[in-house]
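Take a look at the structure set out below.
The values are calculated or read from the model by the stated rules, or taken from the named source; none is laboratory data. This one's a predicted model, so the numbers in the text were calculated from it and none came from an experiment. Here the Cβ positions follow ideal geometry from the backbone for every residue, glycine too, while neighbour counts run over all protein chains shown. All accessible areas refer to the heavy atoms of the entire protein, side chains included, with ligands and DNA or RNA removed. Shrake-Rupley method; radii C 1.70, N 1.55, O 1.52, S 1.80 Å.
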Amino acid sequence: MLDEISRRRTFAIIAHPDAGKTTLTEKLLLFGGAIQMAGAVKARGEQRRARSDWMKVERERGISVTASVMTFEYENRCFNLLDTPGHEDFSEDTYRTLTAVDSAVMVIDGAKGIETQTRKLFEVCRLRDVPIITFVNKMDREARDPFDLMSEIEDGLQIHVTPGSWPIGMGRDFLGCYDLINDRLVLMDRTLGDVASEGLECKGLDDPRLDQLLPAHAAAKLREDVEMARGLMPPFDLETYRAGHMTPVFFGSAINNFGVQELLHGLAAYAPPPRPQPADGRLVDPTEEKVSGFVFKVQANMDPNHRDRIAFFRLCSGHFRRGVKLKHSRSGKSLAVNNAVLFMARDRELAEDAWPGDIIGIPNHGSLRIGDTLVEGNEELRYTGVPSFAPEMLQRVRLDDPMRVKHLRKALEHFAEEGASQVFKPLSGADWVVGVVGQLQFEVLAARIEAEYSLSARFEGAGVDAARWIECDDPVVLKTFIDSNRSALAEDHDGALVFLARNAWHLNRTQEDFPALRFLKTREQNRKVETTAA
Ligand code: G4P
C-alpha cells in the first residue's frame, strides 16, 4: 500500500487563459504514453462536445467549461492530472478541483508574466499550502528577462523562487536550458523540428563541454546569469517547496515539447504523494486501512439521453476495491460501489482497484453531492474544505410557460447539486433566484435548461446584489432576524438560510443591526444543515 501511495502524484495545472495549459497537458500526456499524437486533447474535447448540446456555448466561445481527470504513468509514477476550466467565470469549479490535488503546476506566459487569473488561482493554492512548480512557457518567442519574471513571481505572489532550470537565450535565439537541479544541458534541436535534445549530463557549469556545445557568448552569459541567480535566490529545498513556501521555476516551450520532460521529472521527484487530508476533528492519513474520500465535483447529464451523473470522488485513504460498501456521511446510508470508473486518458475503465490520490467517477442519480464524504465502516467522518462561494451575480429566473414550474425547479436543483450554480428559494415570493460567479454561466444555464429540460426560461434582474449564508447560535435572535427580514431571506438547495442583500448598504446595515449573526461568504458543502427557516 505504501508503494502505491508513494508513487501517486495528483496535480492540476493552473494558468491564465492562453498561457499554454492545453498544450502542456497534451505534451505531458504524450510523454506519459497516454495519447499517441499531439492534438488528441483537443480532438477528445471535440468528441465530448459533440455528445452534448449545451456545450454549444463552450464551442462557440472556444472555452473549456468542464473539468476532467486524466491518469497516466511515467517513470513508475502514477499521475492524476485534474483539468481545470480556464475561463474566469468558472472559477468556482476550479477552486473545488484544487481541493482534490496534492500539488499544482503554474504555467506562465514568458512574455506576460503573472496575469489576473494566475494570481487568483495561486491564492487558492496558497490557502491550502498546495506546493507549486512554475513553468514559464513560450520561451521560443520574445519573452521577458528571466530575472524580471522571477522577481515578479517572488514579489507579486510572496513566495520564495528558485531556478529549476535556466534559459539560454529566448525567441529566435533560444538555444535551450541548463537544468540546475540535475546539472544537465538540454538543447533545442532545430534539425529535428525544434524538439528537446536528449540532454547531456554536465559536471557543473564549469564543464568545458558547455563551451563546445554553446556559442562563446551564450556559455559566458549562462555562467554569469546562473552565478547571479544563485547569489540572489535560495537553493531548492524540498521541505520548503512541499510546505508551499517555495516554487522551483522551469523554463520551456510547451508547443515545442521543450522543458516538458524536465518538468515531468521535477513532478516525479519532488511533488508530494497524497497528503493527510483535513476532516472534522482530525487529519486522515492516506495509509489508514479504511477507504474514505470526498466528492469535489458532480457532472450531470453528460449524455442527454440518460439523466446520469458522475460524482468525482477523491480517494483519501484505504485501498478501494470494486464493490466496497461505503457509508454516505450526509444521509448515513450505505452504498456498494460497483460501477465506479477510472479516467485513463484514452478511455474510461471500470475501477477494480484504486489508491489514495486516485480520482474515481461514481455514477449516481443525484444522491451524491459536492462536498459529500464516503467512508468504509461506521466512523462519523466528514472531510472539510470543499467550499461553496457566495455568488457574485444573482438573477431571477422566469419561465415562458408558468405551468412547467415543477420542471424548472428540478432543473435548477440539478444544477445546484452539480455546483454549476446556486439556487435560492425566497421565503416569500415564488420566483427562484439563481446565483453564479460570472455572467457567462447564465448563458450556459439558459442553454442547458432549454437543451436538457426542454424549457424556455429567461434570466432577469433580481434587485439583489449579494448573498450571505446566515449562522447564529442564539435561536431567539435568529427568530427576530427572520421575522423582520423575511422578504430578503431565502433557502439554498440544502435548506440553509441565506440573506439576499439589495446592495452593500443593505448588507452593512443589517449586519450592524444583528451583530450576533454571522454573514458568511463561503459555506462548507458538507455540513449537515438544520433547517432554520421553516
Ligand atoms: P490555454 O489552454 O492555457 O488557454 O492555452 P493553449 O494551450 O490553448 O495555448 C494558447 C496559444 O498559445 C495557442 O495558440 C498555442 O498554440 C500557443 N502556445 C502554447 N505553447 C506555446 C509555446 O511554447 N510557444 C508558442 N510560441 N506558442 C505556444 P493559438 O494560436 O491560440 O491556438 P492554436 O491554433 O495554435 O491551437
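The ellipsoid that matches the Cα gyration tensor of the range 411-495 has semi-axes, each √(5λ) in whole angstrom, of 28, 13, 11, with the longest given first.
Probing with 1.4 Å while keeping every protein chain in the model, the per residue accessible area of the range 390-524 equals 47 Å². Taking amide H positions as modeled 1.01 Å from N, with prolines and chain starts lacking one, the residues under 5 Å from Arg8 and 5 or more places away or on another chain are Cys78. Sequence-distant contacts, meaning Cα pairs under 8 Å at least 6 residues apart, place the relative contact order of the chain at 14 percent.
The largest accessible area among Trp355, Trp166 belongs to the first residue in Trp355, Trp166, and the rest follow in falling order (1.4 Å probe, all chains). Beta bridges assigned by DSSP with both partners in the chain are antiparallel in approximately 75 percent of cases.
Above 15 angstrom, tally the Cα pairs of the range 277-375 and express them as a % of all pairs, no decimals.
Percentage above 15 Å: 60.
A straight Cα-to-Cα reach below 20 Å connects Lys203 with the lysines Lys221, residues fewer than 8 places away in its own chain not being considered. For Leu180, what accessible area in Å² do you get when you roll a 1.4 Å probe over the heavy atoms of the protein chains, rounding to the nearest 10? It works out to around 20 Å². Rolling a 1.4 Å probe over the protein heavy atoms of the range 390-524, with every protein chain left in place, gives an accessible area that is 49 percent carbon and sulfur.
Shape class of the range 82-156 from the Cα gyration tensor (axes a ≥ b ≥ c, square roots of the eigenvalues): prolate, since a/c reaches 1.5 or more and a/b is larger than b/c.
Phi-derived couplings, Karplus 6.51 cos²θ - 1.76 cosθ + 1.60 at θ = phi - 60°, listed residue by residue for the range 457-464: 10, 10, 9, 9, x, 10, x, 10 Hz, with x used for Gly and Pro. Backbone amide hydrogens, once placed in the peptide plane, bring Glu392 within less than 5 Å of Val436, Val437, excluding anything fewer than 5 places away on its chain.
Solvent-accessible area assigned to carbon and sulfur over the range 277-375 amounts to 48 percent, based on a 1.4 Å probe. Which value, in nm² and rounded to one decimal, describes the direction-averaged projected area of the C-alpha convex hull of the chain? Taking the Cα atoms of the chain, their convex hull projects to 25.9 nm² on average.
Label-to-label distance, Leu335 versus Arg502, with points set 7 angstrom from Cα along the beta-carbon direction: 4.3 nm. Each stretch of four or more DSSP H residues adds -39500 (n - 2.57); spread over every residue of the chain, this sum gives -8500 deg cm²/dmol at 222 nm. List the aspartates and glutamates whose Cα sits under 18 Å from the Cα of Lys325, skipping any in the same chain fewer than 8 residues away. Counting by Cα, and skipping residues close in sequence, Lys325 has these aspartates and glutamates nearby: Glu288, Glu289, Glu352, Asp353, Asp358, Asp372, Glu376, Glu379, Glu380. Placing +1 on each Lys and Arg Cβ and -1 on each Asp and Glu Cβ, with no other charges, gives the chain a dipole about its Cα centre of roughly 1620 debye. Between Asp145 and Glu288, what is 0.36 nm times their sequence separation minus the Cα-Cα distance? Round to one decimal in nm. Gain on stretching Asp145 to Glu288: 46.8 nm. Here the calculated FRET efficiency for Ala216 and Asp237, from their Cβ-Cβ distance with R0 = 41 Å, stands at 0.75, rounded to the nearest 0.05. Taking amide hydrogens as placed 1.01 Å from N in the peptide plane, the amide H of Thr162 sits under 5 Å from those of Thr247, Val249, each at least 5 positions away in sequence or on another chain.
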